[in-house]
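Engineer: Right, I'll just put the structure down here and ask away after.
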Amino acid sequence: MKHGLSAGSLGTAAALAVCAFLSANPVQATDVDMARLPVAEPNLCHSCHMTAQPTASDFTLNPFGVDYLANGRLWDSNLANQDSDGDGCLNGVEVGDSDGDGEPDGNVERQAGNPGVKDECGSGSLVDEKTWGALKAMFDGR
Ligand SMILES: [Ca+2]
Ligand SMILES: [Ca+2]
Ligand SMILES: [Ca+2]
């Protein structure tokens, strides 16, 4: 009898490779860091890096990434109460965990804004998009 390797293990490896570039270097963020954010969608790597798809030669940290590193690579109330990108919205509000306890606010599944980029947060198109998504979900469910 033949026993093949499961395709599932390959898929997991591919998923882990998304942001885990040069993960052997302890200074660089990995999926472990991203998993510490209570909400990572939709910015993912872009939450901490200047680019949405950091590479070995272009992995510059954005202001939130710098503060995250300075905070001991931890997501907590201290980091949540800072406004790393200076757009007037606290990191916690942008990430979707206002008090920084690691639990998303309510049923938040997407970041209200990018904590490392000056952008709209808590008002404007992002909220409209979320409202629209909620409305669509209601209709889809019927
Ligand atoms: Ca901000
Ligand atoms: Ca919370
Ligand atoms: Ca922002």
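The values are calculated or read from the model by the stated rules, or taken from the named source; none is laboratory data. Remember, it's a predicted structure, so these values are computed and weren't measured experimentally. Glycine also receives a Cβ, built like all others from the backbone with ideal geometry; neighbour counts cover every protein chain displayed.
Engineer: Considering each residue of region 40-70, count those that are polar (S, T, N, Q) and surrounded by 14 or more Cβ atoms within 10 Å (Cβ to Cβ), and give that number.
Structural biologist: Number of matching residues: 3.
Engineer: Six or more apart or on different chains, Cβ under 6 Å: which pairs go from a residue in region 97-109 that's closer than 19 Å to D83 by Cα to one that's among the aliphatic types (A, V, I, L, M) and near ligand 2 (Cβ under 9 Å from one of its atoms)? Could you list them?
Structural biologist: So the pair list comes out as G100/A80.
Engineer: Within region 86-100, track down each residue that is within 11 Å of ligand 2 (Cβ to nearest atom) and in a loop (DSSP other than H, G, I, E, B).
Structural biologist: Residues satisfying the conditions are G96, D97, S98, D99, G100.
Engineer: Inside region 69-98, can you point out the residues that are among the aromatic types (F, W, Y) and within 13 Å of ligand 1 (Cβ to nearest atom)?
Structural biologist: Those that are among the aromatic types (F, W, Y) and within 13 Å of ligand 1 (Cβ to nearest atom): none in region 69-98.
Engineer: Within region 22-39, can one find any residue that is modelled with pLDDT under 95, crowded, with 19+ Cβ neighbours inside 10 Å and over 12 Å from V117 (Cα atoms)?
Structural biologist: yes
Engineer: Shifting gears a bit: Is there a residue being away from ligand 3 (no atom under 14 Å from the Cβ) and farther than 15 Å from D33 by Cβ anywhere in region 110-126?
Structural biologist: Taking every residue of region 110-126 in turn, none turns out to be away from ligand 3 (no atom under 14 Å from the Cβ) and farther than 15 Å from D33 by Cβ.
Engineer: Scan region 34-43 and give yes if some residue there is more than 11 Å from ligand 1 (Cβ to nearest atom) and among the polar types (S, T, N, Q), otherwise no.
Structural biologist: yes
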